[in-house]
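What follows is calculated from the coordinates using simple rules that are stated; it is not laboratory data. Predicted model, so just to flag it, every value in this text is computed and none were measured. All Cβ positions, even for glycine, are placed from backbone atoms using ideal geometry, and neighbour counts span all protein chains on display.
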Amino acid sequence: MSHKQTSAETIDEIQKIDIRSKIRQLLETYEATEQMLTPMELAEKVKLELEIEDEDLSNFALIEAGNVLNQSAYEYVRQGDRIVLIPHCLRDAEKCIAPIDDEGYHCQKCGSCIISEITQAAEDRGIKWYMVGGGSHAIQIVKNARPRAVFGIACFDDAKLAVDKIGEYGIPTQAVLLSKAGCVNTEVDFDRVLVKLDIPDSSD
């Protein structure tokens, strides 16, 4: 790969980060001023305003629209009544030593991937976590765990599946999309994960 290609990709990523920030701001503005919008309708308004055609940004807008619409209900749930769903694809596929059972993978905090940091951050806040194998597994965990709120990290397809299904149970959700998707060795923005873990509890 040439230096020019690398520079162009870096500039493109910076521009996408800036657009994501604008998407969040517009979603919050529309949510505060418009009544009874679905996540799809809210996302479409923002996409039209920002002239977004990129598929990744469109997916981001839809997931963030759901986050904005669920925020108040999610805040009303104590942190101890929330759970975090972490995709197993974030593991280092070659080094991971996590055992697995019906509740998913059990991180041993070996430090070979970001999951050890995510699980520790969740535990520090009193939030139970599960490392899951996909959207269907995530939904099964929710059925068994019976949380009052769910925060999930996932690729778009799994996030959309889980958010829609969990929403049918009347459980508020928050989601962060993977910054690098795929089947193995995926990536996520840890700072965005911390933002979701630190959503305040307004239940008192």
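Here are the numbers:
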read-out: Taking the C-alpha atoms of the stretch 50-135, convex hull volume expressed per residue in Å³; value: 134
read-out: Listed pairs Lys22/Lys180; Lys143/Lys180; Lys16/Lys143; Lys22/Lys165; Lys47/Lys180 exceeding 32 Å between Cα atoms; value: Lys16/Lys143
read-out: 3J(HN,Hα) from dihedral phi, the stretch 158-166, Karplus parametrisation 6.51/-1.76/1.60, rounded to Hz, x for glycine, proline; value: 5, 5, 4, 4, 5, 4, 5, 5, 5
read-out: Under-5 Å amide H pairs with Ala149, H placed in peptide plane, nonlocal only; value: Ile83
read-out: Hz values of 3J(HN,Hα) by residue in the stretch 77-83 - Karplus curve (6.51, -1.76, 1.60), Gly and Pro given as x; value: 9, 4, 4, x, 9, 9, 10
read-out: Proximal aspartates and glutamates relative to Lys196, as straight alpha-carbon distance under 17 Å, when same-chain residues fewer than 8 apart are discounted; value: Glu28, Glu64, Glu75, Asp81, Glu117, Glu123, Asp124, Glu187
read-out: Förster radius 35 Å - calculated FRET efficiency between Asp92 and Gln25, Cβ distance, rounded to 0.05; value: 0.50
read-out: Antiparallel DSSP beta bridges within the chain, as percent of all bridges there, nearest 5; value: 20
read-out: Contact order normalised by residue count of the stretch 78-204, Cα under 8 Å, 6+ apart, percent; value: 30
read-out: Mean Cα-pair separation over length for the stretch 1-157, i.e. relative contact order, pairs under 8 Å, 6 or more apart, %; value: 23
read-out: Isotropically averaged projected area of the chain, using the convex hull of Cα atoms (one quarter of hull area), nm²; value: 12.5
